[in-house]
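The values are calculated or read from the model by the stated rules, or taken from the named source; none is laboratory data. What you see is a predicted model, and the numbers here were worked out from it, not measured in a lab. Cβ placement follows ideal geometry from the backbone for every residue including glycine, while neighbour counts extend to all protein chains displayed. Keep in mind that these areas ignore ligands, DNA and RNA; they rest on the heavy atoms of the full protein, side chains included. Shrake-Rupley method; radii C 1.70, N 1.55, O 1.52, S 1.80 Å.
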Amino acid sequence: MSRTRKRTLTMAGVAALSAVAALTAPLAVAGTATAADPCDYPAQQLDLTNWKVTLPTGSGGSPTEVKQPALETFSAGPWFTVNSRCTGVQFRSPVNAVTTPNSSYGRSELREMTDNGTKNASWSATSGTHTLTFRQAFNSLPNDKPHVVGAQIHDGDDDVTVFRLEGSSLYITKGNDTHHKLVTSNYRLNTVYEGKFVVSNGQIKVYYNGVLQTTISHTKSGNYFKAGGYTQANCGNSSPCSSSNYGQTSIYKLQVTHS
């Protein structure tokens with residue numbers, strides 16, 4: 001059953017959507033909405049209270065960015081929207097995307113915030129424990145250079161470690177080493193996996209489906225989590241140069257804790 005985006009629903013429509021939500025509840029994670037709510041906004045699938053989203057749209061060097069409270073009732077298909085089964089959130093970024101000034105690649109990606117989404121998150125790797133747990137699937141890869149980043153830790157200067165899919169090979173990176181740890185060489189599109197970053201005492205422990213994959217030393221401050229679809233291809237290395245050529249992920253769970 002496909003979802004509806006109408007603001008006004010008949011009682012039959014509400015009942016039908018509720019039935020779908022109940023059937024798919026194990027994949028969906030309630031955030032600011034309940035499982036019985038309509039499937040109009042990503043914030044009904046994931047708790048986006050302390051996130052903002054950057055989209056592959058906008059004007060040159062200035063992509064669209066949406067923060068709270070607007071994010072609570074925001075959707076922009078096909079770039080950032082509830083997926084067709086109403087079980088998670090779809091993130092899509094084409095090779096001809098609008099990019100940020102410091103990147104040549106476009107993204108549909110969440111950035112961690114604090115204070116109900118009003119301030120940028122910025123924490124130290126040597127103080128406290130900082131954890132991101134997520135369930136995600138890579139759905140589509142761009143042509144010619146089939147590389148997409150699904151989730152990452154970023155510090156004040158650059159990405160620290162990410163989950164990066166290249167074709168069928170899923171890697172955990174370490175700084176500029178994009179092939180630091182091969183998680184699997186046989187990843188199939190649409191396969192849901194659970195990833196986790198745990199940062200404490202100057203170390204990042206990275207897990208895949210509950211199994212520790214690598215421990216990375218990191219002592220910098222200014223850190224924050226990111227998650228979504230960060231396509232690592234553009235019109236210079238991938239054809240066609242069109243919105244039909246894109247990377248896409250879906251996220252079914254997104255949980256951050258700081259202690």
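Please state which one of 155, 115 is under 26 Å from residue 68 (Cα atoms), touching a strand residue (DSSP E or B) at 6+ places or on another chain (Cβ under 7 Å) and of a type in the set (Asp, Glu).
On the way: 115 fails: touching a strand residue (DSSP E or B) at 6+ places or on another chain (Cβ under 7 Å).
The match here is 155.
Residues that are modelled with pLDDT of 95 or more, of a type in the set (A, V, I, L, M), buried (at least 16 other Cβ atoms within 10 Å of the Cβ) and assigned to a loop (DSSP other than H, G, I, E, B): does region 197-208 have at least one?
Looking only at region 197-208, we keep the residues that are modelled with pLDDT of 95 or more, and these are 197-208.
Checking which are of a type in the set (A, V, I, L, M) leaves us with 198-199, 204, 206.
Then keep just the ones that are buried (at least 16 other Cβ atoms within 10 Å of the Cβ); that gives 198-199, 204, 206.
Right, trim to assigned to a loop (DSSP other than H, G, I, E, B) and you get none.
No; the residues of region 197-208 include none that is modelled with pLDDT of 95 or more, of a type in the set (A, V, I, L, M), buried (at least 16 other Cβ atoms within 10 Å of the Cβ) and assigned to a loop (DSSP other than H, G, I, E, B).
Can you name the number of the only condition in (1) closer than 21 Å to residue 247 by Cα; (2) of a type outside the set (Val, Ile, Thr); (3) crowded, with 23+ Cβ neighbours inside 10 Å that residue 140 fails?
(3)
Any chance region 64-75 includes a residue that's free of Cβ contacts under 8 Å to residues at least 40 places away in the same chain and touching a Ser or Thr at 6+ places or on another chain (Cβ under 6 Å)? Spell out how you get there, then give the answer.
Looking only at region 64-75, we keep the residues that are free of Cβ contacts under 8 Å to residues at least 40 places away in the same chain, and these are 64-66, 70, 73-74.
Still in the list and also touching a Ser or Thr at 6+ places or on another chain (Cβ under 6 Å): 64-65.
Checked region 64-75: at least one residue is free of Cβ contacts under 8 Å to residues at least 40 places away in the same chain and touching a Ser or Thr at 6+ places or on another chain (Cβ under 6 Å).
Hey, can you tell me all the residues within region 81-97 that are open to solvent by 30 Å² or more (accessible area, probe 1.4 Å) and not in a strand (DSSP E or B)?
Answer for region 81-97, where residues must be open to solvent by 30 Å² or more (accessible area, probe 1.4 Å) and not in a strand (DSSP E or B): 84, 85, 96.
Suppose we filter region 157-193 for residues that are exposed (fewer than 15 other Cβ atoms within 10 Å of the Cβ) and either under 14 Å from the mean Cα position of the chain (by Cα) or assigned to a strand (DSSP E or B) (or both); how many remain? Spell out the reasoning first.
Of all residues in region 157-193, those exposed (fewer than 15 other Cβ atoms within 10 Å of the Cβ) come to 157-158, 167-168, 175-177, 179, 182, 185-186, 188-191.
Of the ones still in play, those that are also either under 14 Å from the mean Cα position of the chain (by Cα) or assigned to a strand (DSSP E or B) (or both) are 177, 179, 182.
So the count comes out to 3.
Any residue at all in region 129-148 that is of a type in the set (Val, Ile, Thr), in contact with a strand residue (DSSP E or B) (Cβ under 6 Å, 6 or more places away or on another chain), in contact (Cβ under 8 Å) with a residue 40 or more places away in the chain and closer than 27 Å to residue 64 by Cβ? Before the answer, list the steps.
Here is the first cut: in region 129-148, the ones of a type in the set (Val, Ile, Thr) are 129, 131, 133, 148.
Pick out the ones that are also in contact with a strand residue (DSSP E or B) (Cβ under 6 Å, 6 or more places away or on another chain) and you get 129, 131, 133, 148.
Still in the list and also in contact (Cβ under 8 Å) with a residue 40 or more places away in the chain: 129, 131, 133, 148.
This time we only want the ones that are closer than 27 Å to residue 64 by Cβ, so: 148.
Yes, region 129-148 has at least one match.
In region 103-149, how many residues are small (Gly, Ala, Ser), under 28 Å from residue 59 (Cβ atoms) and in a strand (DSSP E or B)?
Of the residues in that region, 2 qualify.
Give me the residue from region 69-80 that is open to solvent by 40 Å² or more (accessible area, probe 1.4 Å) and among the hydrophobic types (A, V, I, L, M, F, W, C) and, out of that set, farthest from the chain's Cα centre (by Cα).
The selected residue is 70.
Among the residues of region 23-39, is there at least one that is at pLDDT 95 or above and of a type in the set (Asp, Glu)? Before you say what the answer is, go through the steps one by one.
First, the residues of region 23-39 that are at pLDDT 95 or above: none.
Within region 23-39, none of the residues are at pLDDT 95 or above and of a type in the set (Asp, Glu).
Please go through (1) surrounded by 15 or more Cβ atoms within 10 Å (Cβ to Cβ); (2) at pLDDT 95 or above for residue 115 and return the number of the only condition it doesn't satisfy.
Condition (1) is where residue 115 drops out.
Can you tell me how many residues within region 113-148 are aromatic (Phe, Trp, Tyr) and touching a His at 6+ places or on another chain (Cβ under 8 Å)? Step through it out loud before you land on a result.
Here is the first cut: in region 113-148, the residues aromatic (Phe, Trp, Tyr) are 123, 134, 138.
Checking the rest, the ones that are also touching a His at 6+ places or on another chain (Cβ under 8 Å) come to 123.
Number satisfying all stated conditions: 1.
Going by the structure shown, is residue 215 open to solvent by 30 Å² or more (accessible area, probe 1.4 Å), touching a residue at least 12 places away in the same chain (Cβ under 8 Å) and not in a loop (DSSP other than H, G, I, E, B)?
On the way: open to solvent by 30 Å² or more (accessible area, probe 1.4 Å): yes; touching a residue at least 12 places away in the same chain (Cβ under 8 Å): yes; not in a loop (DSSP other than H, G, I, E, B): yes.
Taking the combined requirement at face value, the residue satisfies it.
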